[in-house]
1. So which residues in segment 28-47 are assigned to a loop (DSSP other than H, G, I, E, B) and either open to solvent by less than 60 Å² (accessible area, probe 1.4 Å) or of a type in the set (Asp, Glu) (or both)?
2. Looking at (1) within 13 Å of the chain's Cα centre (by Cα); (2) within 22 Å of Asp42 (Cα to Cα); (3) touching a residue at least 60 places away in the same chain (Cβ under 8 Å), which is the one condition that is false for Ala57?
3. Starting from segment 24-40, take each residue that is farther than 14 Å from Glu10 by Cα and list its partners that are open to solvent by less than 10 Å² (accessible area, probe 1.4 Å) and not in a helix (DSSP H, G or I), counting only C-beta distances under 7 angstrom and pairs at least six apart or across chains.
4. So, Thr24, is that one of a type in the set (Val, Ile, Thr) and open to solvent by less than 50 Å² (accessible area, probe 1.4 Å) or not?
5. Restricting to segment 1-13, what's the tally of residues that are within 30 Å of Lys69 (Cβ to Cβ) and buried (at least 17 other Cβ atoms within 10 Å of the Cβ)?
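The values are calculated or read from the model by the stated rules, or taken from the named source; none is laboratory data. Note that the coordinates shown come from a computational prediction; the quantities given were computed from them, not determined experimentally. No Cβ is skipped: glycine too gets one built from the backbone with ideal geometry, and neighbour counts run over all protein chains shown. Ligands, DNA and RNA are stripped out before the accessible areas are found, and what is left, the full protein with its side chains, is counted by its heavy atoms. Shrake-Rupley method; radii C 1.70, N 1.55, O 1.52, S 1.80 Å.
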Amino acid sequence: MESINLKIYENRLLTADLINDVLTGKKTVQQALSLFPKDNNDINIKCAFDALMHREADEDLREKVSGYKETQDEFLADIAQILKENQRLPKNIIEQYLKYHNENLISNDKRTIKDIFKKIKRMINF
């Protein structure tokens, strides 16, 4: 059990670091998403993945809507901090993401990041 908890913590630290790397410009969203842990069991990582995916998908909103970029980046920074502290995301955040993203985009299959982005764009534009 201890090794499982350690792996969860390591995955959360990696996820937090990847989000912070995007926020500081060290990595692109696509680079970070390709390095995300393939942990299908931690809903917190799934939500972080989806939130980071939205940063890329919301490119037009980030440019056009005043304050959107700052709010979205603060939200991602908060997620990273929560994961870094090995805490769970608040229930309301998880419920919102499950409401709109019930499919698991983090998987071990052969889909590429481009395939995942296409799927997200279809989901947003349906």
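1. Looking only at segment 28-47, we keep the residues that are assigned to a loop (DSSP other than H, G, I, E, B), and these are 28, 35-42.
Passing the criteria: Phe36, Pro37, Asp39, Asp42.
2. (2)
3. Final answer for the pair search is Asn40/Ile106.
4. Numbers: of a type in the set (Val, Ile, Thr): yes; open to solvent by less than 50 Å² (accessible area, probe 1.4 Å): no.
So Thr24 does not fit the description; no.
5. Selection size over segment 1-13: 2.
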